[in-house]
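Working notes for the structure below.
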Amino acid sequence: MEQAVIGLNLCPFARAPYIKGRVRLQVSAATSEDELVADLAEELGVLAAADVDAIETTLLIHPHVMQDFHDFNDFLEIAEATVTALGLEGELQVASFHPDYQFADTAPDAIENCTNRSPYPTLHLLRESSIDRAIEVIEDTDEIYRRNIETLRALGWEGWNKLA
């Protein structure tokens, strides 16, 4: 997170909450989909109940389940349904990171996939109000994605691997 997301400025919104200690890092011991859903529901509740000055965002890292990217990608529908079932739609949302993340229409080894790669499968729980505030200060949010691709292509695999 420090070297790639913040260091390369892949997410211009990550630095401030991280420096202020408002990023909750929670490692799940889940070994099944059901256990992960339970952990996700718990963390969504913790984030929703917390003051934004204490916890702005949560990374739910789950190293023992959803190792296969396609299974993980399918699980995102369940994650979204969990947000809805808890009545948190419009308040919280889930972003995804995975060691084998692959955008549609890209090759598995395309460097741009690294924008959403992480050492372990991770669900990023975000407050929509934080996203709205961040978007207000950036005129063209698509520029972030374009800049990230340029950054990663310039860095190349050799440079990316040195970050680890």
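The values are calculated or read from the model by the stated rules, or taken from the named source; none is laboratory data. Bear in mind the structure is a predicted one, so any value in this text is a computation, not a measurement. Positions of Cβ are backbone-derived with ideal geometry, glycine not excepted, and every protein chain shown enters the neighbour counts.
Some points to look at:
- Filtered residues of region 99-136 (kept if assigned to a strand (DSSP E or B) and of a type in the set (S, T, N, Q)): Thr122
- Taken over region 119-150, residues that are of a type in the set (Ser, Thr, Tyr), more than 24 Å from Val52 (Cα to Cα) and at pLDDT below 95 amount to 1.
- The lone exception for Glu91 - which of (1) surrounded by fewer than 16 Cβ atoms within 10 Å (Cβ to Cβ); (2) free of Cβ contacts under 8 Å to residues at least 24 places away in the same chain; (3) not hydrophobic (A, V, I, L, M, F, W, C) it fails: (2)
- Listing of strands (runs of 3 or more DSSP E) fully contained in region 4-98 that carry 3 or more residues being under 30 Å from Trp160 (Cβ atoms), among the aliphatic types (A, V, I, L, M) and under 13 Å from the mean Cα position of the chain (by Cα): 57-61
- Inter-residue pairs, beta-carbon under 7 Å, first without any contact (Cβ under 8 Å) to a residue 12 or more places away in the chain and surrounded by 11 or more Cβ atoms within 10 Å (Cβ to Cβ) and in region 136-152, second assigned to a helix (DSSP H, G or I) and of a type outside the set (D, E, K, R), 6+ apart: Thr141/Ile135
- Test set (1) out of contact with any Leu (no Cβ under 8 Å at 6 or more places or on another chain); (2) touching a residue at least 24 places away in the same chain (Cβ under 8 Å); (3) of a type in the set (S, T, N, Q) - Thr82 fails condition number: (1)
- The one condition from (1) closer than 27 Å to Leu155 by Cβ; (2) in contact with a Ser or Thr (Cβ under 9 Å, 6 or more places away or on another chain); (3) surrounded by fewer than 19 Cβ atoms within 10 Å (Cβ to Cβ); (4) not basic (Lys, Arg) that Ser130 does not meet is (1).
- Meets criteria (more than 30 Å from Val65 (Cβ to Cβ) and either in a loop (DSSP other than H, G, I, E, B) or of a type in the set (A, V, I, L, M) (or both)) for Ile144: no
- Here Pro99 does not fit the description of being crowded, with 17+ Cβ neighbours inside 10 Å and either at pLDDT 95 or above or not small (Gly, Ala, Ser) (or both).
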